[in-house]
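In what follows, a structure is listed as structure tokens, so that the remarks can point back to it.
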Amino acid sequence: MSQLICKNLNVGYEDGVVASGIDFAVESGDYLCIVGENGSGKTTLMKTILGLTPPLSGEIYFEDGLSSKSIGYLPQQTLVQKDFPASVFEIVLSGCLSKLGRRPFYSKEDKALALEKMQKLGIENLTSKSYRNLSGGQQQRVLLARALCAAEKMLLLDEPTAGLDPAATNEMYDYIKKLNDEGMTIIMITHDLEESAKYATKTLNMGKDGVCHG
Amino acid sequence: MANLIEYLSFPFVRYAFIAGVLIALCSSLLGVTLVLKRFSFIGDGLSHVAFGAMAIAAVMSISNEMLVVMPVTIICAVFLLKRSQSSTVKGDASLAMLSVGAMAVGYLLLNMFSTSANIAGDVCSTLFGSTSILTLQGTDIAICVVMSIIVIGAFVFLYNKIFAVTFDETFAKATGTNTEIYNLIIALITAVIIVLAMNLVGALLTSALIVFPALSSMRLFSSFKQVIICSAVIAVVAALVGISLSILFSTPVGATVVVINIVIFLIFSAIEKARG
Ligand SMILES: Nc1ncnc2c1ncn2[C@@H]1O[C@H](COP(=O)(O)OP(=O)(O)OP(=O)(O)O)[C@@H](O)[C@H]1O
Ligand SMILES: [Mg+2]
């Protein structure tokens, strides 16, 4: 079943188009890798899918009961977070934000969900640790756990292995593969062509034709 | 000490304490978010704007200055927030222009049109706070208490959302949170707090109340909740000690409270160094 369809999509900002003519469809359980040079508009495409920037033209459909709210997102890391005083649990729990609605506080179920996702990624022992004292690999797993709290069926990952050493990189890919095997649809930006060939069911090559190769 | 207890038997002294502590508490709660969002400079700019607005109100001999100062500061807060989001360089420059401009125009107006006999004294107390908090009037204190309760209530109620927006705005937005609204609320609360804090410590010293407790507690604590709670405690302690000392030794309230905050900051930094 299709979950996400992009038709003749042009993405970019007020000052111009970054990538144009993007056409692809994502089925439930797919593992889509987006590859392309720096600045080819991979992050911009992901932000457009999430509704963070409006598409310049073309269409994006969600099907299968999906909306941008039920997608988990692992952003390319930002500077603010590096020295932010927050415990691992606080950060993972903030992934349940969209479940809050008008409620002011997280429920027991939200907290249980956060713990469950942490166990899944093997970081339950870090619960009360400070985020800023973690290694890069651990930080990335914390952010993945946060994304999982929001993800019901689909996960968008923007260079999840940037800055990780080879061991941590492999570990990250294994976790993502495991999630995919459990039925999570994965859309991942990567510069690692070898990895993308190994796991991906589809590849989208940005900067050339914007057409999806299955 | 006995002296202080004697003072406390006067209702207006007690009111001054209540107002001072509430203002300090509000500033510190919001301060953590502002510092972490790299917005503390907006607080500083706004306090200059509030000075300018205060001067205009004084020149126009408006009896309740709050009526002018509050709306002007709120409008500037919203404007600055929008600018800082669109582009950093321009946002930074427009803030500098606005804050310096407000100071210059404010002082000029006061000098040219003020009917007061003691202009220098007026300017000084608007900038650095009244020499004695005890001159705060009944209505000022009532407004202050009501506003503080609203701010604290809003903060507690929106705590989880404020955390998410502060830590990672992009993610919060991606999961469907209307981050604009929360940024707007943060800007509004900042403006309100600055205007309130001006009564206590004066325009130039308000950012100290916002920034110091947050920076001190971030030295020692590493979870967001701990940092928030610790800065609230620091703010309350500094306000209580500062106001008491200023009554006992008749020092200016604002400067005394800020100096206590600096001392706490130094102590916390030393503890952090000692822990290695
Ligand atoms: N907020 C923005 N406003 C205007 N232009 C932007 C904005 N963000 C990015 N761009 C521009 O859009 C283009 C594509 O950027 P994007 O971040 O999508 O590239 P990318 O493919 O993710 O690159 P990388 O591999 O380095 O992450 C770049 O030329 C960049 O300068
Ligand atoms: Mg990118």
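The values are calculated or read from the model by the stated rules, or taken from the named source; none is laboratory data. The model shown is predicted, which means the values in this text are computed figures rather than measured ones. Heads up, the Cβs are rebuilt from the backbone with ideal geometry, glycines too, and the neighbour counts pull from every protein chain shown.
Data table
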| item | result |
| --- | --- |
| Matching residues, region A:27-42, being over 16 Å from A:I5 (Cβ atoms) and within 11 Å of ligand 2 (Cβ to nearest atom) | A:G36, A:E37, A:N38, A:G39, A:S40, A:G41, A:K42 |
| Residue selected from region A:147-163 under the condition away from ligand 1 (no atom under 12 Å from the Cβ) and not hydrophobic (A, V, I, L, M, F, W, C), by the criterion surrounded by the fewest Cβ atoms within 10 Å (Cβ to Cβ) | A:G163 |
| Members of region A:49-78 found to be closer than 27 Å to A:K198 by Cα, within 16 Å of ligand 1 (Cβ to nearest atom) and crowded, with 16+ Cβ neighbours inside 10 Å, listed by number | A:I49, A:L50, A:Y73, A:L74, A:P75, A:Q77 |
| Conditions (1) within 14 Å of chain A (Cβ to nearest Cβ); (2) more than 16 Å from the chain's Cα centre (by Cα); number of the one not met by B:I152 | (2) |
| Region A:1-48, residues that are among the hydroxyl-bearing types (S, T, Y), away from ligand 1 (no atom under 16 Å from the Cβ) and surrounded by 21 or more Cβ atoms within 10 Å (Cβ to Cβ) | A:Y31 |
| Residues of region A:77-127 classified as under 28 Å from B:L215 (Cα atoms), in contact (Cβ under 8 Å) with a residue 40 or more places away in the chain and more than 10 Å from chain B (Cβ to nearest Cβ), total | 3 |
| Complete set of residues in region B:166-181 that are assigned to a helix (DSSP H, G or I) and either without any contact (Cβ under 8 Å) to a residue 24 or more places away in the chain or in contact with a strand residue (DSSP E or B) (Cβ under 6 Å, 6 or more places away or on another chain) (or both) | B:E169, B:T170, B:F171, B:A172, B:K173, B:A174, B:T179, B:E180, B:I181 |
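Condition check ((1) surrounded by 13 or more Cβ atoms within 10 Å (Cβ to Cβ); (2) part of a helix (DSSP H, G or I); (3) at pLDDT below 75; (4) of a type in the set (A, V, I, L, M)) across all residues:
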{"position": "B:G91", "(1), (2), (3), (4)": "yes, yes, yes, no"}
{"position": "B:M103", "(1), (2), (3), (4)": "yes, yes, no, yes"}
{"position": "B:N111", "(1), (2), (3), (4)": "yes, yes, no, no"}
{"position": "B:T131", "(1), (2), (3), (4)": "yes, no, yes, no"}
